[in-house]
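For reference, the structure discussed in these notes is given below.
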Amino acid sequence: MASRLDSARGSIARAIQAWLQSRDIDVDEDRVDVGVPSEEGHGDLTSSICLKIGKTVRQAPRQLAEDMVPELTRQLQNLVTHIEAAGPGFLNFTLSTPWLAEVVNDIRAQGINYGHSTWGNGERVLIEFVSANPTGPLVIVSGRAAAVGDTLARIFRVNGFVTDREFYVNNAGNQIIKFGQAIYLRIRELEGAKIDPWPEGIYPGEYVIDIAREYLEHNPNWVPQEPDDGLYALLGQFGAEHLRRVQEEILRRFGVEFESWIYEKDLRDQGAPEAIIERLEALGWVKEEGGAKWFVSTRFGDDKDRVLVKSDGSYTYFVPDAAYHAGKFERGYDRVIDLLGPDHHGYVGRMQALVQALGFPADRLEIMIIQLVRLVRNNEVVRMSKRGGQFVSLEQLIEEVGVDPARYFFLERAPNTPMDFDLGLAELKSNENPVYYIQYAAARIHSVLRQWRQSHQDAFAWNPTLLSEPLERRLLFILARYPDVVKRAAIDRAPQYLPKYLTELAAAFHSFYRQHRILSEDPAMTMARVTLSEATLWVIRSGLGIMGISVPETM
RNA sequence: GCGCCCGUAGCUCAGUGGAUAGAGCGCCUGACUACGAAUCAGGAGGUCUGAGGUUCAAAUCCUCACGGGCGCACCA
């Protein structure tokens, strides 16, 4: 169902088109733009069509706009109360307030589904995110990726896409061997051995001691033995699965759950790496040089060709990952989105080359880089050293500031810009913290509705023409814009549109609330304002819901 | 050296080729004996890094320069 604003834009665009045709001016439909102006005072909707075509029809845009006003006014009289030619040739449209007020009924009818749409048309989207190595605790940037990925998935869903969230577990390969080695050494320590010095590059983190202890508990028959890679791999995989479960639990606490977990080791066991190499060879995209096998990714715009099989016969990291990504398409996803850390952006070229080599259009794989997060307190960067006892993990961040503020802060910024996370601000449980500003609006509405229900038994039909105060109208218009925001967030992959919009909505409600009494002696007015408030609550619920942030009834 | 991201108010950041560039924090002034003051009303604060270009119109697109971050392995 088209949103109220969509239908207004459509009617206006058609009226303009008809006017132009009646003057024998031929303009492509999509050049007739009708949009929300960037600032108030320029009408509710605006079109710059006269500026665009002025030159080709050899008329001053402003004059053209003025010529159009009378006919458009007649055509659109049920929808628009005022049209003016403005500035250098804009057409500004002011929508009828009662017509706009009907948005409240739209919201009532659709409830939590208001703003949702079907334009995704069932397209299947896979979003892979976090995919942290299971060899340590989740760090802060994983939290950002988790919040963004989870929210994007919901944004796609409410726009009619079928969306799955996936976590890829790198539980095979060199890192796991090294991790296993660390666990082995910790086991030896628990048995009384002294490891000094600790070998270079072998996970020194103390959390490995817990894993060693855990392993001994699960394997009471452990006997000290001469270590080899087989043993290291065994221990490494044990540790990886242990940490993966811990990560899963923390992510769940953070409000993020995945439809699927894919294990690198499973892919290797199934022979997926061999299969992808054969496939690329069969397609002619593999060359041999210096005893190694190379993927000729430069054919598809990559900077350099990439090694698949090293001269010692082992695979590079790229091979299982390529197999994994090929599998995503085989599983039937129309669109695959990866959220990667900033340290992986050298990886984008080869992955996109792979997609094309396999015969898919490059744009079916989108890679979004989630930029670094710096923690800041009192204008000072918090060093995230493992030594200093400062926070390093997502778990500690959640404990320190809470899930809602953490998610809000991560979602507030464009994902691909580095961000400073202001701990001082996030910790504030009061007026300075923007997430509470929105939640407070919801709590206020809940409070009003509670009181209204206590004093009035029955709802009755409300009268949209009663909502005519400027602050009411402002609120109505913002409510009407919500479907635009939801759709735009999907198109631009921009979760940050939601917190921005919700802040604006909450501000409009707070202003309205301070200025006008909702529960009054006038039953009709009370009914109208209660209904408006309820509609506002639905939209806050919807928006915060998409962001994975709670909507408290009291604070 | 090559590639990617970024440069907007004191700070952190929004900004879909459109008109007078916005928000939060911080700062200043005011508002609670009716629904929640975690709120509201108002104010100060800008060479959108710089220079060219495209366009009726540029923070936005293009080129170059400057500044910051990151990536450029037979590592993962």
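What tally of residues in region A:60-78 results from selecting those that are in a loop (DSSP other than H, G, I, E, B) and farther than 14 Å from A:Phe90 by Cα?
Going residue by residue through region A:60-78, those that are in a loop (DSSP other than H, G, I, E, B) are A:60, A:76-78.
Retained after the next criterion (residues that are farther than 14 Å from A:Phe90 by Cα): A:76-78.
So the count comes out to 3.
Each residue in region A:151-167 was checked for being out of contact with any Phe, Trp or Tyr (no Cβ under 8 Å at 6 or more places or on another chain) and either surrounded by 24 or more Cβ atoms within 10 Å (Cβ to Cβ) or among the hydrophobic types (A, V, I, L, M, F, W, C) (or both), and 8 of them qualify.
Tell me the helices (runs of 4 or more DSSP H) entirely within region A:415-505 that contain at least 2 residues that are more than 30 Å from A:Pro342 (Cα to Cα). Even if it seems obvious, please write down each step before you answer.
Details: elements: A:423-427, A:434-455, A:470-491.
Qualifying helices (runs of 4 or more DSSP H): A:434-455, A:470-491.
For A:Asp106, the test of being acidic (Asp, Glu), in a helix (DSSP H, G or I) and over 14 Å from the mean Cα position of the chain (by Cα) is passed.
Taken as a whole, region A:398-411 holds at least one residue that is more than 23 Å from A:Ile112 (Cβ to Cβ), modelled with pLDDT under 95 and either over 26 Å from the mean Cα position of the chain (by Cα) or within 9 Å of RNA strand B (Cβ to nearest atom) (or both).
Condition check ((1) in a helix (DSSP H, G or I); (2) out of contact with any strand residue (DSSP E or B) (no Cβ under 8 Å at 6 or more places or on another chain); (3) touching a residue at least 40 places away in the same chain (Cβ under 8 Å); (4) closer than 24 Å to A:Asn121 by Cβ) across all residues:
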position	(1), (2), (3), (4)
A:Arg9	yes, no, no, yes
A:Trp19	yes, yes, yes, no
A:Ile25	no, yes, no, no
A:Asp30	yes, yes, no, yes
A:Ser38	no, yes, no, no
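Condition first: within 14 Å of RNA strand B (Cβ to nearest atom) and among the polar types (S, T, N, Q). Now tell me which residues in region A:508-548 satisfy that.
Step one: of region A:508-548, the residues within 14 Å of RNA strand B (Cβ to nearest atom) are A:508-523, A:525-534, A:536-537, A:540.
A:Ser511, A:Gln515, A:Ser520, A:Thr526, A:Thr531, A:Ser533, A:Thr536 - these are the residues of region A:508-548 that are within 14 Å of RNA strand B (Cβ to nearest atom) and among the polar types (S, T, N, Q).
Sort out which residues of region A:484-507 are among the small types (Gly, Ala, Ser), closer than 17 Å to A:Arg407 by Cβ and more than 10 Å from RNA strand B (Cβ to nearest atom), and write them in order of number. Full working, then the answer.
Here is the first cut: in region A:484-507, the ones among the small types (Gly, Ala, Ser) are A:489-490, A:494, A:506-507.
Keeping just the survivors that are closer than 17 Å to A:Arg407 by Cβ gives A:489, A:494, A:506.
Hits for region A:484-507: nothing passes.
Within the set A:Leu476, A:Leu505, A:Leu423, A:Leu449, the sole residue that is over 18 Å from the mean Cα position of the chain (by Cα), modelled with pLDDT under 95, surrounded by 14 or more Cβ atoms within 10 Å (Cβ to Cβ) and of a type in the set (A, V, I, L, M) turns out to be A:Leu423. A:Ile209 passes every criterion in (1) touching a residue at least 24 places away in the same chain (Cβ under 8 Å); (2) surrounded by 15 or more Cβ atoms within 10 Å (Cβ to Cβ); (3) within 41 Å of the chain's Cα centre (by Cα) apart from (1). Residues in region A:79-103 that are acidic (Asp, Glu) and either more than 9 Å from RNA strand B (Cβ to nearest atom) or part of a helix (DSSP H, G or I) (or both): A:Glu102 only.
All of A:Asp266, A:Asp210, A:Asp302 fail the test of being part of a loop (DSSP other than H, G, I, E, B) and out of contact with any Ser or Thr (no Cβ under 7 Å at 6 or more places or on another chain), apart from A:Asp302.
Among A:Ala193, A:Ala132, A:Ala172, which is the only one that is crowded, with 24+ Cβ neighbours inside 10 Å, at pLDDT below 95 and not in a helix (DSSP H, G or I)? Write out each step before concluding.
Values: A:Ala193 fails: crowded, with 24+ Cβ neighbours inside 10 Å; A:Ala172 fails: crowded, with 24+ Cβ neighbours inside 10 Å.
Checking each option against the conditions leaves just A:Ala132.
Could you tell me whether any residue of region A:191-214 is closer than 30 Å to A:Gly255 by Cα, touching a helix residue (DSSP H, G or I) at 6+ places or on another chain (Cβ under 7 Å) and small (Gly, Ala, Ser)? Yes; the residues of region A:191-214 include at least one that is closer than 30 Å to A:Gly255 by Cα, touching a helix residue (DSSP H, G or I) at 6+ places or on another chain (Cβ under 7 Å) and small (Gly, Ala, Ser).
Scanning region A:135-162 for residues that are closer than 18 Å to A:Met368 by Cα and either among the aliphatic types (A, V, I, L, M) or part of a strand (DSSP E or B) (or both) gives A:Ile140, A:Val141, A:Ala145, A:Ala146, A:Ala147, A:Val148, A:Leu152, A:Ala153, A:Ile155.
The values are calculated or read from the model by the stated rules, or taken from the named source; none is laboratory data. It should be emphasised that the depicted structure is a prediction, and the values quoted were computed from it without experimental measurement. Backbone-built Cβ (ideal geometry, glycine too); neighbour counts: all protein chains shown.
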